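Engineer: Structure in structure tokens, see below.
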Amino acid sequence: MSWAKKKGKKRENRLYLTRVVPLSLETWLPVFDAPMLAATKIWNSCVWHSREARENGEKYPTESELKEKFKSYESWKQLHSQSAQAVVEEYFEAVRSYAKHKDNGHEEMRPPGFKPKTTLRTITWKRQGFEYRDGRLTLKLSRKLDDIEVPLPEGFDTLELPDGTVLKGVPVEVKVKAVYRKNKVAGLELHVTWDFGVVPLVLAGKVSAYDLNSPLVARASTEGTQQLIVCRELLALVQYRNKVIAEFQQKMSHLKEGSRKWKALLAAKRDKLKKLDRRIKHLTNALTKLMAELDRAEDITFSVLGDLTDIRRKARTGDKNKKANQKINQLPYAQIEQQHSYKSLLRQVCPDKASEKYSSQTCSHCGARNKSYRVHRGLWRCNNCGAIMHADLNGANGILKNYLFGRCDMGQVLKLKPPEVYRWDKRFNRFVKVSPRAAA
Ligand SMILES: [Zn+2]
């Protein structure tokens, strides 16, 4: 069966991708060294002025006040004005993030501080700070200094879609970053973010829907197929991450803020979280890849994620429903959503979201709504029509139905096929199909 996109609900399927090229240290370090050090100086000036204000009991300087003040500084004159401003903006971003964490009870957080003078700070070039023509990027510094010309690898600005359409990208932001290993500069990287425009999609066709529960992701499609993806490893990592944070917080709360021991713990915590985050990202990437491949194999047009936003908001605003809390604490939804979105677009599948309100308590077969039909986590038994199925697949089928027909008590119109089960395989480092019994 097919489905045409509803009118009125506009979603722009613009594809942004950041591509990275390494820059050889020999050639490029002498070029970027001075401006990167200048950026570090600007950062440190931000810190200095904020501290000064605090120590003198004065009002903190605002973003625009600092920008105005720094205009006459030597370091400011080494960068393009937008790049210099970006440093100040990043500083204030860091301050806001610090304040937010502090408000949330992360007492161990420190305000953004001074960086060693020799640190090579990332430089950002915004639209007016660079030009791009025929595979060559021209990065501007201040008016008095020469521009920097960087050749890009062939095909860096193009992207071929599955239907053969070749999209040409427009660069929207450029960054040069230093990669540090063991406190030493190990390399430089050029990050170019391309706007590939709106991906051409045929907005009529088959639909798939995903119910993101933990530890299962359930999928249903208008082809009648049903899949369960077991994400126990991902869940375990997320839970372990929470535990690590709690443990460090506990230990650090006994120490004097800023003491040597305290600093050592903070460094250890950052290190540990960085490694964990990398593994979590690896798994979410594998998951979203599998989702995209399942969609591609069925020639899906709309790939719909059950939207948890409502449920999350509810949990935040004091509804201390334990189940809801459990749910929100689990799979890294924002990360999965972002990866799902661009991976779908790359395959010319339209990513979308649909409310999953009530889908977990409504029978996808007959439309009867009754919480108690969810006998336990994994089992849905409808007393109205007698349907017995996996509760998460019932949820996914419910989201699919809501997306197609809106919330209604209509019966199931699709002919459902038996569920398939995927689970993570450590040996192959990817999800593999297993016998359905494995999901139990
Ligand atoms: Zn039923």
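The values are calculated or read from the model by the stated rules, or taken from the named source; none is laboratory data. Bear in mind that the values here come from a model prediction, so they are computed numbers and not experimental data. Every residue, glycine among them, receives a Cβ derived from its backbone with ideal geometry; neighbour counts consider all protein chains shown. Surface areas here come from the heavy atoms of the whole protein model, side chains and all, with no ligands, DNA or RNA. Shrake-Rupley method; radii C 1.70, N 1.55, O 1.52, S 1.80 Å.
Engineer: Using θ = phi - 60° and the Karplus form 6.51 cos²θ - 1.76 cosθ + 1.60, what ³J(HN,Hα) does each residue of the stretch 283-298 get, whole Hz, x for Gly and Pro?
Structural biologist: Ordered by residue, 3J(HN,Hα) equals 6, 5, 5, 5, 5, 5, 5, 4, 4, 5, 5, 4, 5, 5, 5, 9 Hz.
Engineer: Moving on. Restricting to Cα pairs below 8 Å that are 6+ residues apart, what does the relative contact order work out to for the stretch 15-198? Please round to a whole percent.
Structural biologist: Over the stretch 15-198, the number comes to 30 percent.
Engineer: From the backbone phi of the stretch 20-33, what are the Karplus-calculated ³J(HN,Hα) couplings (6.51 cos²θ - 1.76 cosθ + 1.60, θ = phi - 60°) in whole Hz, Gly and Pro given as x?
Structural biologist: Rounded to whole hertz, the list is 10, 10, x, 10, 5, 4, 3, 6, 9, 4, x, 6, 8, 3.
Engineer: Which entries in 71/175; 67/251; 67/126; 243/357; 115/426; 117/272 show an alpha-carbon gap greater than 28 Å?
Structural biologist: Violating the 28 Å limit, Cα to Cα: 67/251; 243/357; 115/426.
Engineer: What number do you get for the stretch 205-439 when its Cα radius of gyration is normalised by 2.2 N^0.38 Å, N = residues?
Structural biologist: Against the compact-globule rule of thumb, the ratio is 1.12.
Engineer: Looking at the stretch 91-149, which GluC sites (Glu not before Pro) are in a loop (DSSP not H, G, I, E or B) and have at most 12 other Cβ atoms within 10 Å?
Structural biologist: Passing sites in the stretch 91-149 are 107.
Engineer: For the stretch 136-235, with only Lys/Arg (+1) and Asp/Glu (-1) charged at the beta-carbon, what is the dipole magnitude about the Cα centre, in debye rounded to 20?
Structural biologist: Computed about the Cα centre, the dipole is about 600 debye.
Engineer: Quick one: 3J(HN,Hα) in Hz for the stretch 34-50, Karplus 6.51/-1.76/1.60 with θ = phi - 60°, rounded, Gly and Pro as x.
Structural biologist: Result, ordered by residue: 4, x, 5, 5, 4, 5, 4, 4, 4, 4, 5, 5, 4, 4, 4, 5, 5 Hz.
Engineer: Follow-up question, since we're still on this one. Under Stokes-Einstein, with the Kirkwood radius over Cα pairs standing in for Rh, what whole-number D in µm²/s applies to the stretch 155-205 at 20 °C and 1.002 mPa s?
Structural biologist: Numbers: Rh = 13.6 Å.
Result for D is 157 µm²/s.
Engineer: Need the full-extension length gain, residue 14 to residue 97, defined as separation in residues times 0.36 nm minus the C-alpha distance. One decimal, nm.
Structural biologist: Full-extension gain reported as 27.1 nm.
Engineer: Something else now. Residue 134 versus residue 371, label points 7 Å from Cα toward the beta carbon: distance in nm?
Structural biologist: 6.8 nm
Engineer: Which residue, chosen from 302, 237, 291, occupies the Cα position most advanced towards the positive end of the dipole of the stretch 235-316, where the dipole is computed from +1 (Lys, Arg) and -1 (Asp, Glu) charges on Cβ about the Cα centre?
Structural biologist: Towards the positive end, the residue furthest out is 237.
Engineer: Just name one of 217, 23, 187: the one whose Cα is farthest towards the positive end of the charge dipole of the chain (beta-carbon charges, Lys/Arg +1, Asp/Glu -1).
Structural biologist: The listed residue farthest towards the positive side: 217.
Engineer: Sorted by packing (mean other beta-carbon atoms within 10 Å per residue), highest first, where do 262-268, 75-81 land?
Structural biologist: On the way: 262-268: 14.3, 75-81: 21.0.
By packing density, highest mean first, the sequence is 75-81, 262-268.
Engineer: Computed over the Cα atoms of the stretch 221-299, what is the ratio Rg over Rh, Rh following Kirkwood?
Structural biologist: Rounded to two decimals, Rg over Rh is 1.25.
Engineer: Then there is this: For the chain, state the semi-axes of the equivalent ellipsoid (square roots of 5 times the eigenvalues of the alpha-carbon gyration tensor), sorted largest first and rounded to whole angstrom. Display every interim value, and only then the final one.
Structural biologist: Numbers: eigenvalues 416, 165, 78 Å².
Whole-Å semi-axes of the equivalent ellipsoid: 46, 29, 20.
Engineer: 5 Å is the cut-off here: which amide hydrogens, built 1.01 Å from N in the peptide plane, fall below it relative to residue 350, excluding neighbours closer than 5 in sequence?
Structural biologist: Residues meeting the criterion, in which the H sits 1.01 Å from N, are 302, 303.
Engineer: How big is the charge dipole of the stretch 205-439 about its Cα centre, in debye rounded to the nearest 20, if each Lys and Arg gets +1 on its Cβ and each Asp and Glu gets -1 on its Cβ?
Structural biologist: 1360 debye
Engineer: Using the scaling law 2.2 N^0.38 Å as the reference, what is the normalised Cα Rg of the stretch 15-198?
Structural biologist: In units of the globular-protein estimate, the stretch 15-198 measures up at 1.16.
Engineer: Can you give the charge dipole size of the chain about its Cα centre, rounded to the nearest 20 debye, using +1 on the beta carbon of Lys and Arg and -1 on the beta carbon of Asp and Glu?
Structural biologist: 1720 debye
Engineer: On a C-alpha basis, how far is the centre of the stretch 136-193 from the centre of the stretch 393-440 in Å? Whole number, if you could?
Structural biologist: 41 Å
Engineer: What is the diffusion coefficient of the stretch 167-260 in µm²/s, taking the Kirkwood radius over Cα pairs and the Stokes-Einstein relation at 4 °C with a viscosity of 1.567 mPa s?
Structural biologist: So the translational diffusion coefficient is about 67 µm²/s.
Engineer: Further question on the same structure: Give me the distance between the Cα centres of the stretch 336-386 and the stretch 22-64, rounded to whole Å.
Structural biologist: That distance is 49 Å.
Engineer: List the residues whose amide H sits under 5 Å from the amide H of residue 216, counting only those 5 or more places along or on another chain, with H placed 1.01 Å from N in the peptide plane.
Structural biologist: 231
Engineer: Taking H placed 1.01 Å from N in the peptide plane, check which residues at least 5 places from residue 307 or on another chain put their amide H under 5 Å from its amide H.
Structural biologist: The list, which skips near neighbours in sequence, is 354, 355, 356.
Engineer: Ignoring ligands, DNA and RNA, what percent of the accessible area of the stretch 15-198 is carbon or sulfur (1.4 Å)?
Structural biologist: Looking at the stretch 15-198 in its full context, I get 50 percent from C and S.
Engineer: Please give the net charge around residue 122, taking every other residue with its beta carbon less than 10 angstrom from that of residue 122, where Lys and Arg add +1 and Asp and Glu add -1.
Structural biologist: On the way: positive: 121, 175, 177; negative: 90, 189.
Within the 10 Å Cβ shell, the charges total +1.
Engineer: Continuing with this model, one more query. Relative to the present Cα-Cα distance, how much length would full extension add between residue 251 and residue 168 at 0.36 nm per residue of separation? Walk me through the numbers on the way to the answer.
Structural biologist: Working: separation 83, 0.36 × 83 = 29.88 nm, distance 5.19 nm.
24.7 nm is the gain from fully extending residue 251 to residue 168.
Engineer: Please sort by residue number the GluC sites (Glu not before Pro) in the stretch 4-86 whose DSSP state is loop and whose Cβ has at most 14 other Cβ atoms within 10 Å.
Structural biologist: Sites meeting the loop and neighbour criteria: 12, 58, 74.
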